[in-house]
Amino acid sequence: MSTPSRPVATAASLIVLLALAAGGCRGTDDVSGPPEPSPSPTAAAPAPKPLRTTTTVGTVTGRLARQDRARVAAAAGEVVDRWFDAAYVGGNYPRRAFDDAFPGFTPGARARALADREVMSNRELGRRIEGVAASRRKVRVDVLAVRGRAVGLTARFVLGFATAGKLEREREVRGRLLLTRTTNGWKVFGYDASLGGGR
């Protein structure tokens with residue numbers, strides 16, 4: 001829910017092909033750790049390491065071996081990661097084009113995401129910033145299994161990041177991606193996302 005001081009944009013494109021479990025993700029964990037010590041005046045501070053995505057298994061509907069749960073969750077996490085990097089965190093800034101921001105999406109989902117790229121990417125800020133640093137990358141994967149095989153996944157995600165340059169903003173995108181198995185691996189066929197933070 002948005003407030004006057006924290007505008008939120010939303011985008012949704014859901015195709016009801018799979019009856020996926022709707023277990024909610026109520027994560028309250030904080031990825032921030034203790035403050036780093038200040039560098040000494042004579043030593044340059046090391047460049048911070050890129051934040052890695054934490055991927056966990058959520059609700060599993062149907063029977064699926066534990067090792068297979070972990071495997072499909074990792075596969076879904078990789079799809080979400082590629083989108084995070086292509087649409088928000090990676091790339092050279094300032095930038096105008098975000099046509100390549102949706103790897104791992106089906107053609108139909110990619111076309112809809114391009115229409116929603118004000119939310120589904122950094123297109124709104126891309127020309128006014130010089131860099132992006134992620135502060136939170138979380139993915140929880142719900143699994144639908146039939147006869148011991150995963151047939152549908154729901155990746156519930158949250159990505160927090162800060163922009164640098166002329167326009168400094170703290171932003172957060174959260175929602176879910178719906179994935180289906182294809183001959184080329186898991187692909188996003190639908191999504192529901194919201195983007196909040198300063199504009």
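Scan the stretch 93-124 for residues that are surrounded by fewer than 17 Cβ atoms within 10 Å (Cβ to Cβ), farther than 24 Å from ARG181 by Cβ and out of contact with any strand residue (DSSP E or B) (no Cβ under 9 Å at 6 or more places or on another chain) and jot them down.
Passing the criteria: PRO94, ARG95, ARG96, ALA97, ASP99.
Test of understanding: among ALA19, ALA70, ALA44, which residue is hydrophobic (A, V, I, L, M, F, W, C) and at pLDDT 50 or above?
ALA70
Taking the stretch 125-134, which residues are surrounded by fewer than 21 Cβ atoms within 10 Å (Cβ to Cβ) and either in contact with a helix residue (DSSP H, G or I) (Cβ under 7 Å, 6 or more places away or on another chain) or more than 20 Å from ALA164 (Cβ to Cβ) (or both)?
Selection gives ALA134 alone.
Does SER135 satisfy the criteria of being at pLDDT 95 or above and touching a strand residue (DSSP E or B) at 6+ places or on another chain (Cβ under 8 Å)?
yes
Filter the stretch 84-103 down to residues that are at pLDDT below 95 and small (Gly, Ala, Ser) and give me whichever is nearest to the chain's Cα centre (by Cα).
This residue is GLY90.
Is it the case, given these coordinates, that ALA193 is farther than 21 Å from ALA111 by Cβ and of a type in the set (Gly, Ala, Ser)?
No: the conditions fail for ALA193.
Give me the residue from the stretch 135-153 that is of a type in the set (D, E, K, R) and part of a strand (DSSP E or B) and, out of that set, surrounded by the fewest Cβ atoms within 10 Å (Cβ to Cβ).
ARG149
Just give me the residues in the stretch 154-172 being assigned to a strand (DSSP E or B) and either out of contact with any helix residue (DSSP H, G or I) (no Cβ under 7 Å at 6 or more places or on another chain) or farther than 28 Å from ALA133 by Cβ (or both), in sequence order.
Residues satisfying the conditions are THR154, ARG156, VAL158, GLY160, ALA162, THR163, ALA164, GLU170, ARG171, GLU172.
Test VAL79 against the stated conditions and say whether it is closer than 13 Å to VAL173 by Cβ, modelled with pLDDT of 95 or more and either surrounded by fewer than 20 Cβ atoms within 10 Å (Cβ to Cβ) or out of contact with any Asp or Glu (no Cβ under 9 Å at 6 or more places or on another chain) (or both).
no
Cβ-Cβ below 9 Å, separation at least six or inter-chain, first residue in the stretch 59-72 and touching a residue at least 40 places away in the same chain (Cβ under 8 Å) and more than 13 Å from VAL146 (Cβ to Cβ), second among the hydroxyl-bearing types (Ser, Thr, Tyr) and assigned to a strand (DSSP E or B): which pairs?
Every condition considered, the pairs that remain are THR59/THR154.
Which of (1) touching a Ser or Thr at 6+ places or on another chain (Cβ under 6 Å); (2) at positive phi does TYR191 not meet, given it meets every other one?
(2)
Within the stretch 161-174, can one find any residue that is out of contact with any Phe, Trp or Tyr (no Cβ under 9 Å at 6 or more places or on another chain) and touching a residue at least 60 places away in the same chain (Cβ under 8 Å)?
No: the stretch 161-174 contains no residue that is out of contact with any Phe, Trp or Tyr (no Cβ under 9 Å at 6 or more places or on another chain) and touching a residue at least 60 places away in the same chain (Cβ under 8 Å).
The values are calculated or read from the model by the stated rules, or taken from the named source; none is laboratory data. Please read these numbers as outputs of a predicted model, since none were measured by experiment. Counting neighbours? That spans all protein chains shown, and the Cβs are built from the backbone with ideal geometry, glycine included.
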